[in-house]
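Bear in mind that the values in this text are calculations on the coordinates, not laboratory data. Here the structure is a predicted model, which means the values were calculated and not measured. Backbone-built Cβ (ideal geometry, glycine too); neighbour counts: all protein chains shown.
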Amino acid sequence: MKKFIVLIIVFCGSWLFANSDLIQTEINDKTREYNQKLIANHILLEENSLYKRYGSYLTYRNIASDIEKLEKELKDLHQQKSSEARELQRQVSNKIKIKQNELELIEEYKESPIGKLIKPEDIEAIPAVTNPFLIFEALTYIKKLDDNSKKYNSLIYDIDNTLNLIEQELEILLLIDGIQSSSSIQNELLSIESAKRDFEMVLDVVTTTSEVYTRRVEQIISETNNKIAAQAQKTLKIILLIGLFFVISFLMKLGIRKYLSEDDRYYMINKIINFVLVVFIVIVLLFSYIDNVTYLVTILGFASAGIAIALKDWFMSIFGWFVIITSGAINVGDRIRVHKDRQELVGDVLDISLFKIAVREDITLTTYMTNRRAGRIFFVPNNYIFTEMISNYTHAGLKTVWDGIDIVITFDSDHKKATNIVREIAKQYSKGYTDITRKQMSKLRDRYSLRGTNVEPRVFNFIEPYGMKISVWYLTNSYATLALRSTISGEIIDAFKGLEDIKIAYPTQTLRYQLLENQAENPLSHSNPQAQGVAQGLFD
């Protein structure tokens, strides 16, 4: 019986020992499995950006706690008067300064476990959409608000995800603590529970703030969209009004082009219409986009005096342009002569802009006699109309000017016959221009008081020191005076060549030789200086 009991005891002991090894193996396996899960979860948690920020928050709290302890220690040291205490005071003060510098680097974590992320982006002032260009700025503003709102709302998801990782780590730590409890596990449990409470608080704050912030953003976006719509409607009305101005100006140009045959006058009227169109557009834009036009006028009134002095020539040119356009003194295509500082320039007007007249120099008598250059484009400021002499060869539709040729014949020539020949040649070659001028002069009687309207060639005779000068004047094309002058000059020379009683005069000199009888053999002899002087005088 005793042996049987012993056997039973031995068997039970063996069974219990075997089961204890199996239980220990299972515990070790579970512990290893939980540790692996803990490590994997901890890696995810450490890589989480918000949890990293939370680490900075803990660092801030630890540094702040250290500063409190150091300040308390420094306060105790101040009560001691020994040299050793003073050295310790200096060391503790330096430590406090270092800690305070560290706090400044992470100042944003003073109030929040996730730093400045807990606050949404500040909402800037709503832009005033007062002109079409600000519509783009308002659209950018709306996009920025919408992005900020989405970004802050996504923070809720990130916090919730971080909180899930913290809860998973807490569960794993509790399981490990249930299997094998230790002080390190307990400390880690306290730390992760504190993190859970902090993130639950952050989640609650961010969720509430997000609701308020989203509603505010939606309200501002709605107000901004209303401003954009109002400005777009206003801009559309202005565009339609300006388009109406363009249509009216186009119809006016079309009508003027239809009933006005002269290209030069059409060009001028076209520029006037364009100027008026620009003025109307500027006025519309000013009254549409400047809230206080009276204030603008006042400012311009005060500034006009200084501007007028600084830009005197510009203003005079603008006023000169207005005078030129309204008076019709100079038109595009006219041939003009400009006198400035003893210089003369003759050319055709290419353009009359707001500040200057563009003139192309042609081959004329002036270029032949004075400049010896042609083909240049020169610019005449409009203010010259008030200060300098500007001659217009083709004003009021006139296309002809008087030109003259002078020829001198000897005193013994038949000047009456020569005069008739010159007159007939001038009549023959200028007849077409004479008829044109007669018609143009009849049109000018309505505008000007005309006297001496004789358009036939005129011939004048003058006594000159070396002969009789015949001056013939005739009408010729304003743009081609040299051509007709060349033709008539050649014809006059050819007509005079075949006549014996008409001779062309030119400066001549007569030499007379007279010798004294008693000095005939040697009039320039050195032995008779008196005879030499008389002979020299005769040669002079």
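Applying 1/(1 + (r/R0)^6) with R0 = 45 Å to the Cβ-Cβ distance of residue 104 and residue 229, what FRET efficiency is obtained, to the nearest 0.05?
The value I calculate is 0.40.
Highest mean first, how do 162-175, 467-480, 274-287 rank when packing is the count of other Cβ atoms within 10 Å averaged over residues?
Descending packing order for the listed peptides: 467-480, 162-175, 274-287.
Ranked highest first by average number of other Cβ atoms within 10 Å, how do 345-356, 319-330, 493-504 line up?
Highest mean packing first, the order is 345-356, 319-330, 493-504.
What number, in percent, do you get for the relative contact order of the stretch 400-507 if the mean sequence gap of Cα pairs under 8 Å and at least 6 apart is divided by its residue count?
47 percent
Show the residues, 5+ positions off or on another chain, whose built amide H is closer than 5 Å to the amide H of residue 388.
Correct list: empty.
Can you return the lysines within cross-link range of residue 469? Criterion is Cα-Cα under 21 Å, with same-chain partners fewer than 8 residues away left out.
Within reach: 416, 417, 427, 497, 503.
Among 369, 252, which comes first, second and so on when ranked by fewest other beta-carbon atoms within 10 Å?
In increasing order of surrounding Cβ atoms, one gets 369, 252.
Going by Cα centres, the stretch 475-505 and the stretch 88-144 are how many Å apart?
96 Å
Treat the count of other C-beta atoms within 10 Å as a stand-in for reagent exposure and order 393, 54, 466 from fewest to most.
By the 10 Å Cβ count, ascending: 466, 393, 54.
Can you classify the stretch 72-183 as rounded, prolate or oblate using the Cα gyration tensor, where a ≥ b ≥ c are the square roots of its eigenvalues, rounded means a/c under 1.5, and otherwise it's prolate if a/b beats b/c and oblate if not?
Since a/c reaches 1.5 but b/c is at least a/b, the shape of the stretch 72-183 is classed as oblate.
From the phi angles alone, apply the Karplus equation (6.51, -1.76, 1.60; θ = phi - 60°) to the stretch 328-345 and give each ³J(HN,Hα) in whole Hz, x where the residue is Gly or Pro.
x, 5, 9, 10, 4, x, 5, 9, 10, 10, 10, 9, 8, 6, 6, 10, 10, 10
Which whole-angstrom value gives the distance between the alpha carbon centres of the stretch 41-83 and the stretch 174-201?
21 Å
Holding the Cα-Cα limit at 20 Å, pick out from 258/356; 52/144; 52/97; 312/356 the pairs that are longer than that.
Cα-Cα > 20 Å for 258/356; 52/144; 52/97; rest within.
Please work out the FRET efficiency for the pair residue 427 and residue 244, using the Cβ-Cβ distance as r and a Förster radius of 56 Å; give the result to the nearest 0.05.
Efficiency for this residue pair is about 0.45.
Once you keep just the Cα pairs under 8 angstrom separated by 6 or more residues, what percentage relative contact order results for the stretch 136-261?
Rounded, it is 34 percent for the stretch 136-261.
Given the Cα-Cα distance of residue 186 and residue 435 and 0.36 nm per residue of separation, how much length would full extension add, in nm?
My answer for the length gained is 77.1 nm.
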